[in-house]
1. State the number of residues belonging to segment 105-133 that are more than 19 Å from Glu146 (Cβ to Cβ), touching a strand residue (DSSP E or B) at 6+ places or on another chain (Cβ under 7 Å) and part of a loop (DSSP other than H, G, I, E, B).
2. Inspect all residues belonging to segment 102-117 and state whether any of them is without any contact (Cβ under 8 Å) to a residue 12 or more places away in the chain and either at positive phi or over 19 Å from the mean Cα position of the chain (by Cα) (or both).
3. Collect the residues in segment 116-139 that are exposed (fewer than 12 other Cβ atoms within 10 Å of the Cβ) and charged (D, E, K, R), keeping them in residue-number order.
4. When segment 44-59 is examined, which residues are found to be of a type outside the set (Lys, Arg) and surrounded by fewer than 16 Cβ atoms within 10 Å (Cβ to Cβ)?
5. Is segment 82-94 home to any residue that is touching a residue at least 24 places away in the same chain (Cβ under 8 Å), acidic (Asp, Glu) and either surrounded by 11 or more Cβ atoms within 10 Å (Cβ to Cβ) or not in a strand (DSSP E or B) (or both)?
Amino acid sequence: MIFVYRVTAGQEKVVADLLHIKIRKEVIPLLAIAYMDTLKGYLIVEAEDEVAARQAALRIPHIKGVLKRSMELKDLEGIIATKAAGVKLNKNDVVELISGPFKGERARVIKVDEAKEECTVELMEVAVPIPVTIKTNTLRVHQRAEENA
């Protein structure tokens, strides 16, 4: 069964480490511990039953409580699933910045770093072209670069 602990935000890793030490020392039937950066303030554990989950949480600092009902794996699929890749950008594409200080400006893509999900763009409608490195999720493709250009 899967249970969720409410914990102090930012202390998920500390609580997971303390739980790991406690279940090894006291032999509590806790099967798995998971924490995610995207799920602040919560820690997911798999235990044989509710008693084991609550027993493991006793006297652990930063644990505020255990959610009343157990969760199903299908409830967690949206949290655990990986996200699909964003918009594919190519060199010389014309993009529009949709947030930040240059919101609404158009720019030409100079370089794309897919690992960091960033790209370097050159603003087009300014007197002096300025290269700016920006996250790809803050861009909208305005015009694709021509294939033979």
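1. 5
2. Within segment 102-117, one or more residues are without any contact (Cβ under 8 Å) to a residue 12 or more places away in the chain and either at positive phi or over 19 Å from the mean Cα position of the chain (by Cα) (or both).
3. Residues satisfying the conditions are Lys116, Glu125.
4. Matches in segment 44-59: Glu48, Asp49, Glu50, Val51, Leu58.
5. Within segment 82-94, one or more residues are touching a residue at least 24 places away in the same chain (Cβ under 8 Å), acidic (Asp, Glu) and either surrounded by 11 or more Cβ atoms within 10 Å (Cβ to Cβ) or not in a strand (DSSP E or B) (or both).
A short reminder: the numbers here are calculations on the coordinates, not readings from a lab. All figures in this text were calculated on a predicted structure; none of them were measured in a lab. Quick reminder, even Gly has a Cβ in these numbers, built from the backbone with ideal geometry, and neighbours come from all protein chains shown.
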